[in-house]
1. When the Kirkwood radius is taken over all Cα pairs of the range 8-159, what Stokes-Einstein diffusion coefficient follows at 20 °C and 1.002 mPa s, in µm²/s?
2. Once phi is turned into ³J(HN,Hα) by the Karplus curve 6.51 cos²θ - 1.76 cosθ + 1.60 with θ = phi - 60°, what whole-Hz value does each residue of the range 138-155 show in order, with x for glycine and proline?
3. Using DSSP loop states and a limit of at most 12 other Cβ atoms within 10 Å to flag trypsin sites (Lys or Arg not before Pro), what is the longest stretch of the chain containing no flagged site?
4. For n ≥ 4 DSSP H runs only, could you compute -39500 (n - 2.57) per run for the chain, divide by its residues and tell me the 222 nm figure to the nearest 500?
5. From the backbone phi of the range 64-76, what are the Karplus-calculated ³J(HN,Hα) couplings (6.51 cos²θ - 1.76 cosθ + 1.60, θ = phi - 60°) in whole Hz, Gly and Pro given as x?
6. Relative to the Cα centre, what is the charge dipole magnitude of the chain, using +1 at the beta carbon of each Lys and Arg, -1 at the beta carbon of each Asp and Glu, and rounding to the nearest 20 debye?
7. Considering the Cα positions of the range 94-188, please state its Rg to one decimal place and its Dmax as a whole number of Å.
8. Suppose every Lys and Arg Cβ carries +1 and every Asp and Glu Cβ carries -1, with no other charges. What dipole size does the range 24-128 come out with about its Cα centre, to the nearest 20 debye?
Amino acid sequence: MGVTIPIETSARHIHLSQADFETLFGEGKEMTFKADLSQPGQFVCEERLTVKGPKDSFQNVAVLGPTRSETQVELSVTDCRKIGIQGIIRQSGDTEGTPGCTLIGPNGELTIDHGVIVAKRHIHMTPVQAAQMGVQDNDNVFVIADSFERSLIFADVVVRVSPKFALAMHIDTDEANAFAGSPNPTGVILKLFGGQSYNLQKWAEELQSGINRGT
């Protein structure tokens, strides 16, 4: 039996730089803490913003703290389609070449020319947990998600390892709607071939090998 991983749904949200935060909420303004998130040091703010695209907008979108070096907006593919921008799947922080949007706050608004991503599904874990599961930072693995009558296997789940992390897999609302039928879904990394973590590349190679043997 593998290590059980809590699966958390990450709804649309915004990370702001300090400069952009002050543009939107007022010069010298600091984030107002509302609640802790599962990852140590991360929190939900009281502040909310409107995210506007060419076709539509979302109001009351959560701002997460602390501030970052670059502003980043995380939406689902469905969200992106609704407001009229392309949904590009990226790891957090990899924003080059992504679409932008307009952010509207109580004290101002600004348009970013990039920074809107659909977050690639991922697992946060510590180095000790990575060793237990036989994976390394930036590995891509399969995860079997257990949820009543709607279980499935996620492919291309990126592993993110840091001593600052707490164990959790993050998916967006589109992905959660596809399977989540219980209040506390969990998953395990798929293990095959002597207990090695099974990833998409390995699966493709095995599949091709089987096709070749059959011809």
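Computed from the coordinates by the stated procedures, all read-outs in this text should not be read as laboratory data. Just so we're clear, the structure is a prediction, and the values are computed from it rather than from any experiment. Positions of Cβ are generated from backbone atoms using ideal geometry, with glycine treated the same way; all protein chains shown enter the neighbour counts.
1. Working: Rh = 16.8 Å.
For the chosen part, D equals 128 µm²/s.
2. Result, rounded to whole Hz: 6, 5, 10, 10, 8, 10, 8, 9, 9, 8, 3, 6, 9, 5, 7, 10, 8, 9.
3. Values: sites that count: K55, K164.
The reported range is 56-163.
4. Numbers: 5 runs with 43 residues, N = 215.
Counting only the DSSP helices, I get -5500 deg cm²/dmol.
5. 9, x, x, 5, 10, 6, 9, 6, 9, 10, 10, 10, 8
6. Details: 18 positive and 26 negative charges, 97 e Å.
Computed charge dipole of the chain: roughly 460 debye.
7. Rg, Dmax (Cα atoms, Å): 16.6, 49.
8. Values: 11 positive and 13 negative charges, 81 e Å.
The calculation lands at about 400 debye.
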